[in-house]
Amino acid sequence: MISIKKWLPTSLVGYAILALIPALVLISLTLGRFPIHVTDAYLIVISAVTPLTHSLDPIQETIILQIRLPRIGAALLVGAALSVAGAAYQGMFRNPLVSPDILGVSAGAGFGASLAILISGDPFLVQIMAFVWGMIAVGMTWGISRLYRPASTLILVLAGIIVGTVFNAFVMLIKDIADPMDKLPEIVSWLMGSLAGTSWEKLISVTPAIVIGVGFLLLIRWRINILALGEEEATALGVDTRVLGALVIIAATVVTAAAVSISGMIGWVGLVIPHLSRMLVGPEYTKMLPVSVVMGAAFLLIVDNIARTLTSAEIPLGVLTALIGAPFFAYLLTRKKVGWS
């Protein structure tokens with residue numbers, strides 16, 4: 001029987017952030033162009049899961065339950081997925097500059113979504129195509145890396161750069177031929193990242209993949225410590241690095257592709273949050289990986305709140321994460337904190 005303790009943060013920092021998330025969720029429910037009092041938001045949510053009744057405005061109930069709550073759930077899932085994937089890749093490749101899109105998953109997902117928008121624009125087709133092509137891109141990266149002997153993580157990264165470049169070129173081609181009055185703005189909007197329009201159906205469709213993938217990485221997080229030691233040391237400890245590396249890549253790719261399929265291209269989360277977690281609890285993955293999950297979820301929820309409330313027009317998430325992440329990463333460089341200690 002699996003203990004629930006294995007799924008939870010193993011430090012006071014992680015528990016503190018985990019305790020903060022319910023408060024962030026409740027505050028997020030009140031924010032927006034249609035402000036709702038925190039008490040009303042609480043009553044609406046409680047009445048949806050208990051026999052408790054209320055006499056509040058049905059419009060408020062619709063806004064809370066059908067618009068804001070699924071969007072908040074998506075922000076938590078996507079933030080957790082991107083941060084845990086980035087942390088896992090950084091350990092596997094032993095490189096603090098690695099992010100979840102290192103193997104081309106985001107470029108492939110961007111191509112799939114752009115192609116779906118060009119063909120029909122159906123939201124569910126866009127989501128499916130983004131997920132499928134994200135997985136295909138990583139499969140192509142893996143296949144190209146197998147052509148070289150001996151295969152290495154460096155070859156895998158270089159193959160990811162090649163595949164990502166090709167798919168980005170295809171995206172530019174689609175943007176060039178797309179209708180500038182209709183399809184092109186939709187493609188550009190998707191590529192910049194947003195959780196606007198998130199529904200329960202979309203959220204439910206990606207939840208199993210993200211939960212299973214993140215859960216698997218949490219269960220094997222102590223083995224990622226061994227991968228971070230290097231191939232020779234891991235082999236000496238009796239670990240099959242090829243099998244373990246393949247499992248990490250599959251799990252991280254699944255969660256990243258699922259997250260990107262619902263949110264579009266959101267950068268920096270999977271790069272910065274693992275570093276911040278490492279600064280708080282150290283490089284040991286049994287502590288750092290759960291904290292990354294919780295911090296990634298909280299971070300993207302805060303950023304999404306800013307995106308939809310700062311101005312009258314919603315700011316793309318990719319823009320905000322870049323504006324926040326790049327200066328913070330520059331700060332880490334000045335403090336010489338980009339590393340494993």
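The values are calculated or read from the model by the stated rules, or taken from the named source; none is laboratory data. Everything numeric here is computed off the predicted structure, so don't read it as measured data. For neighbour counting, all protein chains shown are included, and Cβ atoms are generated from backbone atoms with ideal geometry for every residue, glycine included. Side chains included, ligands, DNA and RNA excluded: accessible areas come from the protein's heavy atoms. Shrake-Rupley method; radii C 1.70, N 1.55, O 1.52, S 1.80 Å.
Which one of 49, 116, 20 is farthest out on the positive end of the charge dipole of the chain, using unit charges on Cβ (Lys, Arg +1; Asp, Glu -1) and the Cα centre as origin? Of the options given, the answer is 20. Global size of segment 14-87: 13.9, 46 Å for Rg and Dmax (C-alpha atoms, Rg to one decimal, Dmax whole). Work out which chymotrypsin sites (Phe, Trp or Tyr not before Pro) in the chain are exposed loop sites (DSSP not H, G, I, E or B, at most 15 other Cβ within 10 Å) and give the longest gap free of them. Maximal segment without exposed cleavage sites: 149-339.
Residue separation times 0.36 nm, minus the C-alpha to C-alpha distance between residue 196 and residue 21: what's the value?
Numbers: separation 175, 0.36 × 175 = 63.00 nm, distance 2.06 nm.
Gain on stretching residue 196 to residue 21: 60.9 nm.
Compute for segment 30-181: radius of gyration divided by Kirkwood radius, i.e. Rg/Rh, restricted to C-alpha atoms, rounded to two decimals. Checking Rg against Rh, the ratio lands at 1.15.
With only alpha-carbon atoms in the gyration tensor, what are the semi-axes of the equivalent ellipsoid for segment 75-137, in Å, largest first?
Values: eigenvalues 135, 33, 10 Å².
They are 26, 13, 7 Å, listed from largest to smallest.
Compactness check for segment 191-314: Cα Rg over 2.2 N^0.38 Å is 1.21. In this structure segment 41-162 gives 42 Å² per residue of accessible area when probed at 1.4 Å with all protein chains present. In the chain, the DSSP-assigned H stretches of four residues or longer account for a calculated mean residue ellipticity at 222 nm of -24500 deg cm²/dmol, using -39500 (n - 2.57) per stretch and the full residue count as denominator.
Once the Cα-Cα distance is subtracted from the 0.36 nm per residue extended length, the residue 188 to residue 311 segment shows a gain of 42.3 nm.
Computed over protein heavy atoms with a 1.4 Å probe, the carbon and sulfur contribution to the accessible area of segment 158-251 reaches 68%.
The charge dipole of segment 101-225, taken about its Cα centre with unit charges on the Cβ of Lys, Arg, Asp and Glu (plus for the first two, minus for the last two), comes to roughly 680 debye.
For the options 184, 154, 195, a Gaussian network treatment of the chain with springs between C-alpha atoms closer than 10 Å singles out 154 as fluctuating the most. Distance between the pseudo-spin-label points of residue 49 and residue 65 (7 Å out from Cα toward the beta carbon): 1.4 nm.
Once the convex hull of all Cα atoms in the chain is built, its volume per residue stands at 148 Å³. Shown here for segment 252-341: trypsin sites (Lys or Arg not before Pro) in loop regions (DSSP other than H, G, I, E, B) with at most 15 other Cβ atoms within 10 Å, namely 335, 336, 337.
Expressed as a rounded percentage, what relative contact order does the chain have, with Cα pairs under 8 Å and six or more residues apart?
Numbers: 512 pairs, mean separation 100.3, N = 341.
Relative CO of the chain lands at 29 percent.
Sorting check: for 97-109, 63-75, 312-324, which peptide has the highest mean count of neighbouring beta carbons within 10 Å, and how do the rest follow? If you can, show how the numbers build up before the last one.
On the way: 97-109: 27.1, 63-75: 20.7, 312-324: 17.0.
Ranked by mean Cβ neighbours within 10 Å, highest first: 97-109, 63-75, 312-324.
Each other residue within a Cβ distance under 10 Å of residue 114 adds +1 if Lys or Arg and -1 if Asp or Glu, for a net charge of +1.
Hey, what's segment 181-332 come to in accessible area per residue, 1.4 Å probe, Å²?
Values: 6010 Å² over 152 residues.
Spelled out: the 1.4 Å probe surface of segment 181-332, per residue, equals 40 Å².
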